[in-house]
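Since the structure comes first, as C-alpha coordinates, the remarks are kept for the end.
The values are calculated or read from the model by the stated rules, or taken from the named source; none is laboratory data. Only a predicted model underlies this, so the values are computations on that prediction, with no experimental measurement involved. Here Cβ is always computed from backbone atoms with ideal geometry, including for glycine, and neighbour counts include all displayed protein chains. Note: accessible area is taken over every heavy atom of the protein model, side chains too, but ligands, DNA and RNA are not part of it. Shrake-Rupley method; radii C 1.70, N 1.55, O 1.52, S 1.80 Å.
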Amino acid sequence: MKLSDLARACAQYVTERRGDCEVLLPCMDSRKKTERGLFFCISGARFDAHDYAAQAVQNGAAALVVERFLPLDVPQLLVTDTRLAFGPMCAELYGHPARQMKMVGITGTKGKTTTSYLIKAILEQAGYKCGLIGTTGNMIGSTFIHGSMTTPEADELQGLLRHMADQQVQAVVMEVSAHATAMHRVDGILYDVGCYTNLSQDHLDYFGTMDKYFEAKKVFFTPRYTRAAALNVDDESTRKILADIQIPYTCYGISSDAEIYARDIEITENGVSFRMCVNKRGERQIKLQMTGIFNVYNALTAASAALLLGVSMDDIVKGLESVRAVPGRAEMLDTDTPYKVILDYSHSPDALENILKAVRDFTRGRVIALFGCGGDRDHGKRPMMGEIGGRLADFSILTSDNPRSEDPYQILAAIEEGIRHTKGAYTVIENRREAIRYALEIARDGDVVVLAGKGHETYQEIRGEKHPFDEKIVVKELLADMRAHKN
(Lines give C-alpha, C1' and ligand atoms only; values in the text may rest on other atoms or scores of the structure.)
Protein backbone atom coordinates (compact mmCIF):
# COMPACT_ATOMS: atom_id res chain seq x y z
CA MET A 1 0.00 0.00 0.00
CA LYS A 2 1.17 3.51 -0.78
CA LEU A 3 1.68 5.76 2.22
CA SER A 4 -0.50 8.34 0.46
CA ASP A 5 -3.35 5.79 0.17
CA LEU A 6 -3.06 4.98 3.87
CA ALA A 7 -3.16 8.70 4.69
CA ARG A 8 -6.37 9.14 2.68
CA ALA A 9 -8.00 6.06 4.25
CA CYS A 10 -7.17 7.30 7.77
CA ALA A 11 -7.53 11.01 7.10
CA GLN A 12 -9.13 11.70 10.50
CA TYR A 13 -5.75 10.99 12.15
CA VAL A 14 -3.38 12.56 9.61
CA THR A 15 -2.49 16.25 9.65
CA GLU A 16 0.37 16.29 7.11
CA ARG A 17 2.39 13.97 4.87
CA ARG A 18 5.97 14.35 3.71
CA GLY A 19 7.02 12.03 0.94
CA ASP A 20 5.51 8.80 -0.34
CA CYS A 21 6.52 5.17 -0.76
CA GLU A 22 5.18 1.64 -0.69
CA VAL A 23 4.74 0.17 2.80
CA LEU A 24 3.88 -3.42 3.67
CA LEU A 25 3.59 -4.08 7.39
CA PRO A 26 3.15 -1.97 10.53
CA CYS A 27 5.71 -2.13 13.33
CA MET A 28 6.16 -0.62 16.80
CA ASP A 29 9.44 -2.35 17.77
CA SER A 30 12.49 -0.53 16.40
CA ARG A 31 14.64 -3.65 16.91
CA LYS A 32 12.51 -5.75 14.59
CA LYS A 33 13.81 -6.38 11.07
CA THR A 34 11.23 -5.35 8.48
CA GLU A 35 10.98 -5.02 4.72
CA ARG A 36 9.22 -1.82 3.70
CA GLY A 37 7.87 -1.55 7.23
CA LEU A 38 5.88 1.37 8.61
CA PHE A 39 7.24 2.32 12.03
CA PHE A 40 4.90 3.99 14.51
CA CYS A 41 6.61 6.38 16.92
CA ILE A 42 4.40 5.74 19.93
CA SER A 43 5.08 7.64 23.12
CA GLY A 44 4.69 5.51 26.24
CA ALA A 45 5.04 5.98 29.97
CA ARG A 46 8.73 5.06 29.93
CA PHE A 47 9.91 5.43 26.33
CA ASP A 48 9.30 7.71 23.38
CA ALA A 49 9.66 5.72 20.18
CA HIS A 50 10.59 8.88 18.26
CA ASP A 51 14.01 8.43 19.90
CA TYR A 52 14.36 5.01 18.24
CA ALA A 53 13.10 5.85 14.77
CA ALA A 54 16.63 5.90 13.29
CA GLN A 55 17.15 2.35 14.51
CA ALA A 56 13.84 1.30 12.94
CA VAL A 57 14.95 2.80 9.61
CA GLN A 58 18.26 0.92 9.84
CA ASN A 59 16.24 -2.27 10.35
CA GLY A 60 14.16 -1.77 7.22
CA ALA A 61 11.39 0.69 8.02
CA ALA A 62 10.55 2.57 4.82
CA ALA A 63 8.40 5.25 6.44
CA LEU A 64 7.36 6.64 9.81
CA VAL A 65 4.16 7.68 11.56
CA VAL A 66 5.09 10.52 13.91
CA GLU A 67 3.71 13.19 16.21
CA ARG A 68 6.56 15.51 15.22
CA PHE A 69 8.60 15.40 12.01
CA LEU A 70 12.04 13.85 12.46
CA PRO A 71 15.31 14.73 10.64
CA LEU A 72 15.37 11.37 8.83
CA ASP A 73 15.37 10.91 5.08
CA VAL A 74 12.25 8.73 4.85
CA PRO A 75 8.58 9.56 4.14
CA GLN A 76 6.62 10.50 7.25
CA LEU A 77 2.97 10.85 8.26
CA LEU A 78 2.26 13.44 10.94
CA VAL A 79 -0.69 12.42 13.14
CA THR A 80 -2.33 13.93 16.20
CA ASP A 81 -1.74 10.79 18.31
CA THR A 82 0.27 7.79 17.14
CA ARG A 83 -1.37 5.47 19.69
CA LEU A 84 -4.86 6.41 18.43
CA ALA A 85 -3.81 6.02 14.81
CA PHE A 86 -2.02 2.70 15.32
CA GLY A 87 -5.01 0.33 15.47
CA PRO A 88 -7.02 1.75 12.54
CA MET A 89 -3.91 2.04 10.37
CA CYS A 90 -2.89 -1.55 11.17
CA ALA A 91 -6.40 -2.68 10.22
CA GLU A 92 -6.14 -0.76 6.94
CA LEU A 93 -2.71 -2.18 6.10
CA TYR A 94 -3.97 -5.73 6.67
CA GLY A 95 -7.15 -5.17 4.66
CA HIS A 96 -9.60 -5.07 7.60
CA PRO A 97 -9.70 -8.86 8.14
CA ALA A 98 -12.23 -8.57 11.01
CA ARG A 99 -14.85 -7.47 8.48
CA GLN A 100 -14.61 -10.91 6.84
CA MET A 101 -15.55 -12.82 10.02
CA LYS A 102 -18.05 -12.76 12.86
CA MET A 103 -16.33 -11.10 15.81
CA VAL A 104 -17.14 -11.76 19.48
CA GLY A 105 -15.26 -9.88 22.22
CA ILE A 106 -15.39 -10.67 25.94
CA THR A 107 -14.39 -8.26 28.68
CA GLY A 108 -14.65 -8.40 32.47
CA THR A 109 -12.34 -9.20 35.38
CA LYS A 110 -13.07 -12.92 35.54
CA GLY A 111 -14.44 -15.57 33.22
CA LYS A 112 -13.11 -14.28 29.90
CA THR A 113 -11.02 -17.32 29.05
CA THR A 114 -13.57 -19.98 29.97
CA THR A 115 -16.36 -18.06 28.24
CA SER A 116 -14.27 -17.77 25.07
CA TYR A 117 -13.80 -21.57 24.98
CA LEU A 118 -17.52 -22.11 25.54
CA ILE A 119 -18.51 -19.71 22.74
CA LYS A 120 -15.97 -21.32 20.43
CA ALA A 121 -17.46 -24.76 21.17
CA ILE A 122 -20.99 -23.49 20.48
CA LEU A 123 -20.02 -21.85 17.20
CA GLU A 124 -18.15 -24.94 16.05
CA GLN A 125 -21.19 -27.03 16.92
CA ALA A 126 -23.18 -24.62 14.73
CA GLY A 127 -20.80 -25.27 11.82
CA TYR A 128 -18.48 -22.27 12.01
CA LYS A 129 -14.75 -22.57 11.51
CA CYS A 130 -13.64 -20.69 14.60
CA GLY A 131 -10.60 -18.80 15.81
CA LEU A 132 -9.77 -17.92 19.42
CA ILE A 133 -7.52 -15.21 20.85
CA GLY A 134 -6.80 -14.97 24.57
CA THR A 135 -4.78 -15.56 27.70
CA THR A 136 -3.99 -19.23 27.11
CA GLY A 137 -2.87 -18.61 23.53
CA ASN A 138 -4.53 -18.43 20.13
CA MET A 139 -6.25 -21.15 18.14
CA ILE A 140 -7.66 -21.95 14.73
CA GLY A 141 -9.90 -24.93 15.35
CA SER A 142 -7.74 -27.27 17.44
CA THR A 143 -4.44 -25.83 16.19
CA PHE A 144 -2.61 -23.66 18.73
CA ILE A 145 -0.77 -20.49 17.76
CA HIS A 146 1.57 -18.89 20.29
CA GLY A 147 0.36 -15.69 21.90
CA SER A 148 2.22 -13.24 24.13
CA MET A 149 -0.66 -11.47 25.91
CA THR A 150 -4.41 -11.64 26.49
CA THR A 151 -5.15 -9.08 23.78
CA PRO A 152 -2.18 -8.54 21.44
CA GLU A 153 -0.94 -5.15 20.29
CA ALA A 154 -2.71 -3.89 17.18
CA ASP A 155 -0.01 -4.91 14.69
CA GLU A 156 0.14 -8.47 16.02
CA LEU A 157 -3.64 -8.64 16.43
CA GLN A 158 -4.42 -7.49 12.89
CA GLY A 159 -1.76 -9.82 11.49
CA LEU A 160 -3.31 -12.72 13.40
CA LEU A 161 -6.80 -11.81 12.18
CA ARG A 162 -5.46 -11.60 8.62
CA HIS A 163 -4.01 -15.10 8.99
CA MET A 164 -7.32 -16.40 10.36
CA ALA A 165 -9.32 -14.84 7.54
CA ASP A 166 -6.91 -16.31 4.98
CA GLN A 167 -7.47 -19.72 6.61
CA GLN A 168 -11.21 -19.33 5.98
CA VAL A 169 -12.06 -18.79 9.64
CA GLN A 170 -15.69 -17.66 9.84
CA ALA A 171 -15.90 -16.48 13.47
CA VAL A 172 -13.36 -15.23 16.01
CA VAL A 173 -13.87 -15.24 19.77
CA MET A 174 -11.41 -13.13 21.71
CA GLU A 175 -10.73 -11.76 25.15
CA VAL A 176 -10.64 -7.97 25.26
CA SER A 177 -8.72 -6.81 28.31
CA ALA A 178 -9.14 -3.43 29.95
CA HIS A 179 -5.54 -2.70 28.96
CA ALA A 180 -6.52 -3.35 25.32
CA THR A 181 -9.27 -0.73 25.27
CA ALA A 182 -7.27 1.75 27.34
CA MET A 183 -4.31 1.39 24.97
CA HIS A 184 -6.51 1.32 21.84
CA ARG A 185 -5.30 -2.11 20.71
CA VAL A 186 -8.73 -3.07 19.35
CA ASP A 187 -9.43 0.24 17.62
CA GLY A 188 -10.33 -0.46 14.01
CA ILE A 189 -12.44 -3.54 14.87
CA LEU A 190 -16.23 -3.52 15.13
CA TYR A 191 -17.46 -6.55 17.09
CA ASP A 192 -20.75 -8.24 16.27
CA VAL A 193 -21.23 -9.08 19.96
CA GLY A 194 -19.50 -7.78 23.09
CA CYS A 195 -19.85 -9.71 26.37
CA TYR A 196 -19.52 -8.32 29.89
CA THR A 197 -18.81 -10.85 32.65
CA ASN A 198 -18.16 -8.90 35.88
CA LEU A 199 -15.99 -6.36 37.69
CA SER A 200 -13.76 -6.88 40.72
CA GLN A 201 -10.42 -5.51 41.91
CA ASP A 202 -7.50 -6.16 39.63
CA HIS A 203 -4.84 -4.25 37.66
CA LEU A 204 -4.91 -1.22 39.94
CA ASP A 205 -1.14 -1.02 39.50
CA TYR A 206 -1.96 0.23 35.99
CA PHE A 207 -5.35 1.95 36.32
CA GLY A 208 -4.92 3.44 39.80
CA THR A 209 -8.62 3.43 40.71
CA MET A 210 -11.57 1.08 40.22
CA ASP A 211 -13.44 3.85 38.41
CA LYS A 212 -10.74 4.12 35.75
CA TYR A 213 -10.56 0.34 35.48
CA PHE A 214 -14.33 0.14 34.97
CA GLU A 215 -14.39 2.95 32.41
CA ALA A 216 -11.84 1.04 30.31
CA LYS A 217 -14.35 -1.82 30.17
CA LYS A 218 -17.48 0.29 29.78
CA VAL A 219 -16.17 2.01 26.66
CA PHE A 220 -16.23 -1.35 24.87
CA PHE A 221 -20.05 -1.25 24.92
CA THR A 222 -20.37 1.75 22.63
CA PRO A 223 -21.11 1.88 18.88
CA ARG A 224 -17.42 2.56 18.30
CA TYR A 225 -16.57 -1.03 19.22
CA THR A 226 -19.64 -3.23 19.43
CA ARG A 227 -22.91 -3.80 17.54
CA ALA A 228 -24.73 -5.68 20.35
CA ALA A 229 -24.03 -6.62 23.97
CA ALA A 230 -24.56 -9.54 26.35
CA LEU A 231 -24.46 -8.23 29.93
CA ASN A 232 -24.34 -9.92 33.33
CA VAL A 233 -27.19 -8.13 35.10
CA ASP A 234 -26.25 -9.72 38.46
CA ASP A 235 -23.04 -7.70 38.55
CA GLU A 236 -23.61 -4.35 40.24
CA SER A 237 -21.45 -2.47 37.76
CA THR A 238 -23.69 -3.46 34.85
CA ARG A 239 -26.20 -0.80 35.90
CA LYS A 240 -23.65 1.87 34.98
CA ILE A 241 -23.33 0.36 31.50
CA LEU A 242 -27.10 0.14 31.05
CA ALA A 243 -27.52 3.78 32.09
CA ASP A 244 -25.72 4.99 28.95
CA ILE A 245 -25.94 2.09 26.49
CA GLN A 246 -26.78 2.99 22.88
CA ILE A 247 -26.57 -0.46 21.26
CA PRO A 248 -28.96 -3.45 21.34
CA TYR A 249 -28.34 -5.72 24.33
CA THR A 250 -29.55 -8.77 26.20
CA CYS A 251 -29.14 -9.43 29.92
CA TYR A 252 -28.42 -12.72 31.67
CA GLY A 253 -28.16 -13.68 35.32
CA ILE A 254 -29.21 -15.95 38.15
CA SER A 255 -30.54 -13.76 40.94
CA SER A 256 -31.87 -10.76 38.99
CA ASP A 257 -34.58 -10.39 36.36
CA ALA A 258 -33.02 -11.24 33.02
CA GLU A 259 -33.95 -12.41 29.55
CA ILE A 260 -31.69 -15.44 29.97
CA TYR A 261 -31.36 -17.01 33.39
CA ALA A 262 -30.53 -20.24 35.24
CA ARG A 263 -32.56 -22.09 37.85
CA ASP A 264 -32.51 -25.48 39.63
CA ILE A 265 -28.71 -25.35 39.86
CA GLU A 266 -26.97 -28.47 41.19
CA ILE A 267 -23.22 -28.44 41.80
CA THR A 268 -21.03 -31.53 42.21
CA GLU A 269 -17.32 -32.20 41.94
CA ASN A 270 -17.88 -33.48 38.39
CA GLY A 271 -19.88 -30.57 37.03
CA VAL A 272 -22.96 -28.38 37.21
CA SER A 273 -26.48 -29.01 35.98
CA PHE A 274 -29.13 -26.31 35.63
CA ARG A 275 -32.13 -25.28 33.58
CA MET A 276 -31.43 -22.45 31.19
CA CYS A 277 -34.50 -20.32 30.64
CA VAL A 278 -34.76 -17.99 27.67
CA ASN A 279 -37.67 -15.59 27.42
CA LYS A 280 -39.88 -16.52 24.46
CA ARG A 281 -37.62 -19.48 23.64
CA GLY A 282 -38.41 -21.87 26.50
CA GLU A 283 -36.16 -23.89 28.81
CA ARG A 284 -33.33 -26.37 28.25
CA GLN A 285 -31.49 -28.62 30.66
CA ILE A 286 -27.71 -28.05 30.69
CA LYS A 287 -25.15 -30.46 32.14
CA LEU A 288 -21.73 -28.83 32.22
CA GLN A 289 -18.63 -30.96 32.67
CA MET A 290 -17.07 -28.13 34.72
CA THR A 291 -17.98 -27.28 38.30
CA GLY A 292 -18.65 -24.07 40.21
CA ILE A 293 -21.39 -21.44 40.17
CA PHE A 294 -19.06 -19.16 38.19
CA ASN A 295 -19.25 -21.64 35.31
CA VAL A 296 -23.02 -21.23 35.27
CA TYR A 297 -22.40 -17.54 34.65
CA ASN A 298 -19.79 -18.36 32.00
CA ALA A 299 -22.29 -20.66 30.27
CA LEU A 300 -25.00 -17.99 30.37
CA THR A 301 -22.60 -15.45 28.88
CA ALA A 302 -21.74 -17.83 26.06
CA ALA A 303 -25.37 -18.72 25.42
CA SER A 304 -26.38 -15.04 25.34
CA ALA A 305 -23.67 -14.21 22.80
CA ALA A 306 -24.64 -17.19 20.64
CA LEU A 307 -28.32 -16.22 20.69
CA LEU A 308 -27.40 -12.71 19.55
CA LEU A 309 -25.56 -14.33 16.63
CA GLY A 310 -28.66 -16.39 15.75
CA VAL A 311 -27.37 -19.80 16.87
CA SER A 312 -30.03 -22.41 17.65
CA MET A 313 -30.79 -23.61 21.18
CA ASP A 314 -29.84 -27.17 20.20
CA ASP A 315 -26.35 -26.09 19.12
CA ILE A 316 -25.94 -23.97 22.26
CA VAL A 317 -26.76 -26.90 24.55
CA LYS A 318 -24.54 -29.36 22.66
CA GLY A 319 -21.68 -26.86 22.51
CA LEU A 320 -21.80 -26.06 26.23
CA GLU A 321 -21.95 -29.71 27.22
CA SER A 322 -19.02 -30.67 24.97
CA VAL A 323 -16.38 -28.69 26.89
CA ARG A 324 -14.60 -30.88 29.42
CA ALA A 325 -12.07 -28.38 30.77
CA VAL A 326 -10.34 -25.10 30.02
CA PRO A 327 -6.58 -24.97 30.65
CA GLY A 328 -5.87 -23.82 34.21
CA ARG A 329 -9.48 -22.88 34.98
CA ALA A 330 -10.86 -24.99 37.85
CA GLU A 331 -9.02 -27.84 36.13
CA MET A 332 -9.15 -31.15 37.99
CA LEU A 333 -5.79 -32.88 37.58
CA ASP A 334 -5.53 -36.62 37.00
CA THR A 335 -3.56 -37.61 40.10
CA ASP A 336 -4.91 -41.06 41.04
CA THR A 337 -4.96 -40.02 44.71
CA PRO A 338 -7.68 -40.26 47.40
CA TYR A 339 -7.71 -36.46 47.43
CA LYS A 340 -8.29 -34.09 44.50
CA VAL A 341 -5.97 -31.45 43.08
CA ILE A 342 -7.44 -28.49 41.22
CA LEU A 343 -5.41 -26.05 39.14
CA ASP A 344 -6.88 -22.56 38.85
CA TYR A 345 -5.69 -19.21 37.50
CA SER A 346 -7.31 -17.27 40.38
CA HIS A 347 -4.82 -14.48 41.10
CA SER A 348 -7.24 -11.77 42.27
CA PRO A 349 -9.27 -11.61 45.51
CA ASP A 350 -12.64 -12.22 43.88
CA ALA A 351 -11.33 -15.10 41.76
CA LEU A 352 -9.75 -16.78 44.78
CA GLU A 353 -12.98 -16.41 46.73
CA ASN A 354 -14.98 -17.90 43.87
CA ILE A 355 -12.84 -21.01 43.45
CA LEU A 356 -12.65 -21.69 47.21
CA LYS A 357 -16.42 -21.31 47.59
CA ALA A 358 -16.99 -23.58 44.60
CA VAL A 359 -14.70 -26.26 46.00
CA ARG A 360 -16.30 -25.97 49.44
CA ASP A 361 -19.65 -26.94 47.89
CA PHE A 362 -18.50 -30.49 47.16
CA THR A 363 -15.48 -31.17 49.41
CA ARG A 364 -15.94 -34.05 51.86
CA GLY A 365 -12.75 -33.28 53.75
CA ARG A 366 -10.56 -30.18 54.01
CA VAL A 367 -9.98 -27.41 51.50
CA ILE A 368 -6.22 -26.79 51.26
CA ALA A 369 -5.45 -23.54 49.42
CA LEU A 370 -2.01 -22.77 48.02
CA PHE A 371 -1.57 -19.24 46.69
CA GLY A 372 0.57 -16.12 46.52
CA CYS A 373 0.53 -12.74 44.78
CA GLY A 374 2.48 -11.43 41.81
CA GLY A 375 5.29 -8.97 42.27
CA ASP A 376 5.29 -5.47 40.72
CA ARG A 377 1.48 -5.52 40.66
CA ASP A 378 -1.41 -4.21 42.78
CA HIS A 379 -0.17 -4.27 46.39
CA GLY A 380 -3.63 -3.65 47.83
CA LYS A 381 -4.98 -7.07 46.96
CA ARG A 382 -2.31 -8.98 48.94
CA PRO A 383 -3.85 -8.75 52.43
CA MET A 384 -7.28 -9.18 50.83
CA MET A 385 -6.26 -12.53 49.39
CA GLY A 386 -4.74 -13.55 52.71
CA GLU A 387 -8.04 -12.81 54.45
CA ILE A 388 -9.98 -14.81 51.86
CA GLY A 389 -7.69 -17.83 52.23
CA GLY A 390 -7.93 -17.70 56.02
CA ARG A 391 -11.70 -17.39 55.95
CA LEU A 392 -12.59 -19.97 53.28
CA ALA A 393 -9.85 -22.62 53.39
CA ASP A 394 -9.26 -25.08 56.19
CA PHE A 395 -5.54 -24.65 55.66
CA SER A 396 -3.61 -22.15 53.54
CA ILE A 397 -0.09 -22.43 52.18
CA LEU A 398 1.35 -19.03 51.25
CA THR A 399 3.97 -19.20 48.55
CA SER A 400 5.53 -17.34 45.62
CA ASP A 401 3.64 -16.52 42.43
CA ASN A 402 5.78 -14.63 39.91
CA PRO A 403 7.56 -12.32 42.40
CA ARG A 404 9.24 -10.61 39.43
CA SER A 405 11.62 -7.91 40.72
CA GLU A 406 10.24 -7.84 44.29
CA ASP A 407 11.50 -9.63 47.38
CA PRO A 408 9.12 -12.63 47.64
CA TYR A 409 9.19 -12.50 51.43
CA GLN A 410 7.88 -8.94 51.42
CA ILE A 411 4.98 -10.07 49.25
CA LEU A 412 4.28 -12.97 51.61
CA ALA A 413 4.42 -10.65 54.62
CA ALA A 414 1.71 -8.51 53.04
CA ILE A 415 -0.49 -11.57 52.46
CA GLU A 416 0.09 -12.59 56.09
CA GLU A 417 -1.28 -9.23 57.26
CA GLY A 418 -4.65 -10.33 55.95
CA ILE A 419 -4.65 -13.94 57.03
CA ARG A 420 -3.56 -13.15 60.59
CA HIS A 421 -6.88 -11.38 61.17
CA THR A 422 -8.74 -14.65 60.58
CA LYS A 423 -8.79 -17.89 62.53
CA GLY A 424 -7.52 -19.77 59.51
CA ALA A 425 -4.53 -22.08 59.90
CA TYR A 426 -1.65 -21.46 57.52
CA THR A 427 2.03 -21.84 56.84
CA VAL A 428 4.52 -19.99 54.65
CA ILE A 429 6.77 -21.87 52.20
CA GLU A 430 8.34 -19.43 49.75
CA ASN A 431 9.61 -22.04 47.25
CA ARG A 432 6.52 -22.91 45.22
CA ARG A 433 7.66 -26.43 44.32
CA GLU A 434 8.30 -27.24 47.97
CA ALA A 435 4.98 -25.67 48.90
CA ILE A 436 3.17 -27.94 46.44
CA ARG A 437 5.04 -30.97 47.81
CA TYR A 438 3.91 -30.05 51.31
CA ALA A 439 0.30 -29.69 50.16
CA LEU A 440 0.38 -33.13 48.56
CA GLU A 441 2.02 -34.67 51.63
CA ILE A 442 -0.59 -33.39 54.08
CA ALA A 443 -3.65 -34.05 51.90
CA ARG A 444 -5.88 -36.91 53.02
CA ASP A 445 -8.83 -38.86 51.68
CA GLY A 446 -11.65 -36.46 50.78
CA ASP A 447 -9.50 -33.31 50.79
CA VAL A 448 -9.21 -30.92 47.86
CA VAL A 449 -5.94 -29.12 47.16
CA VAL A 450 -6.41 -25.87 45.21
CA LEU A 451 -3.28 -24.63 43.45
CA ALA A 452 -4.26 -21.02 42.79
CA GLY A 453 -2.62 -18.32 40.72
CA LYS A 454 -0.64 -20.01 37.97
CA GLY A 455 -3.32 -21.82 36.00
CA HIS A 456 -2.15 -22.31 32.41
CA GLU A 457 1.18 -20.52 32.95
CA THR A 458 4.27 -22.65 32.49
CA TYR A 459 6.86 -20.41 34.18
CA GLN A 460 7.83 -18.58 37.34
CA GLU A 461 9.12 -15.05 36.81
CA ILE A 462 11.84 -14.27 39.33
CA ARG A 463 14.10 -11.21 39.16
CA GLY A 464 13.24 -10.55 35.53
CA GLU A 465 13.89 -14.11 34.38
CA LYS A 466 11.26 -16.70 33.48
CA HIS A 467 12.00 -20.17 34.83
CA PRO A 468 10.10 -23.25 33.52
CA PHE A 469 7.33 -24.13 35.98
CA ASP A 470 4.33 -26.05 34.66
CA GLU A 471 2.27 -27.10 37.68
CA LYS A 472 0.76 -30.07 35.86
CA ILE A 473 4.28 -31.41 35.34
CA VAL A 474 5.38 -30.40 38.85
CA VAL A 475 2.48 -32.27 40.48
CA LYS A 476 3.14 -35.36 38.37
CA GLU A 477 6.86 -35.32 39.23
CA LEU A 478 6.25 -34.78 42.94
CA LEU A 479 3.68 -37.57 43.18
CA ALA A 480 6.00 -39.96 41.32
CA ASP A 481 8.83 -39.09 43.73
CA MET A 482 6.59 -39.48 46.78
CA ARG A 483 5.38 -42.89 45.59
CA ALA A 484 8.92 -44.02 44.86
CA HIS A 485 10.05 -43.10 48.38
CA LYS A 486 7.02 -44.81 49.89
CA ASN A 487 7.89 -48.02 48.05
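Using just its DSSP H runs of length 4 or more, each adding -39500 (n - 2.57), the chain gives a mean residue ellipticity at 222 nm of -10000 deg cm²/dmol after division by all residues. Please determine, in degrees from 0 to 90 and to the nearest 10, the orientation of helix 293-308 with respect to the longest principal axis defined by the Cα atoms of the chain, where the helix direction is its Cα long axis. Helix 293-308 and the main axis of the chain meet at about 40 degrees. Heavy-atom accessible surface of residue 245, to the nearest 10 Å², is about 30 Å², with a 1.4 Å probe and all protein chains retained. The modelled label-to-label distance between residue 430 and residue 324, using points 7 Å beyond Cα along the C-beta direction, is 4.0 nm. Between their Cα atoms, which of 129/318; 102/287; 217/240 are more than 18 Å away from each other? 102/287, as the Cα separations exceed 18 Å there.
In the structure shown, the pairs 218/280; 381/454; 112/218 are assessed against 18 Å; a Cα-Cα span above that value is assigned to 218/280. In this label model, residue 476 and residue 423 are separated by 4.2 nm, measuring between points 7 Å along each Cα→Cβ vector. Sorting 467, 146 by solvent-accessible area of protein heavy atoms yields 146, 467, largest first, with a 1.4 Å probe. Across the protein chains, with a 1.4 Å probe defining accessible surface, the residues 438, 409 rank 409, 438 from largest area downward.
Angle of helix 154-166 to the longest C-alpha principal axis of the chain, folded into 0 to 90 degrees and rounded to 10: 90°. Ignoring aspartates and glutamates fewer than eight residues from residue 33 along the same chain, the ones with Cα atoms less than 16 angstrom from its Cα are 155, 156. Given their separation in residues at 0.36 nm each and the Cα-Cα distance between them, residue 80 and residue 99 gain 4.2 nm when the chain is fully extended. Based on alpha-carbon centroids, what's the gap between region 366-394 and region 59-74 in Å, whole number please? One Cα centre to the other: 48 Å. Remark: region 57-73, residue by residue, has Karplus-estimated 3J(HN,Hα) of 5, 4, 8, x, 5, 8, 7, 10, 10, 9, 9, 8, 5, 10, x, 10, 8 Hz, where x stands for each Gly or Pro and the curve is 6.51 cos²θ - 1.76 cosθ + 1.60 at θ = phi - 60°. Between helix 82-93 and the chain there is an angle of about 80 degrees, using the helix long axis and the longest principal axis of the Cα atoms. In this simple spin-label approximation, residue 148 and residue 43 carry label points 7 Å from Cα along the Cα→Cβ vector, and these lie 2.4 nm apart.
When peptides 325-336, 375-386 are sorted by average Cβ neighbour count within 10 Å, with the highest value leading, the order is 375-386, 325-336. What FRET efficiency do you get for residue 287 and residue 459 if R0 is 41 Å and r is their Cβ-Cβ distance, rounded to the nearest 0.05? Result of the calculation: an efficiency of 0.70.
Between the labelled values [x] 24, 59, 16, 1; [y] 23, 52, 24, 2; [z] 18, 39, 25, 16, 2, the entry that holds P(r) over Cα pairs in 20 Å bins from 0, in percent as derived from this structure is [y].
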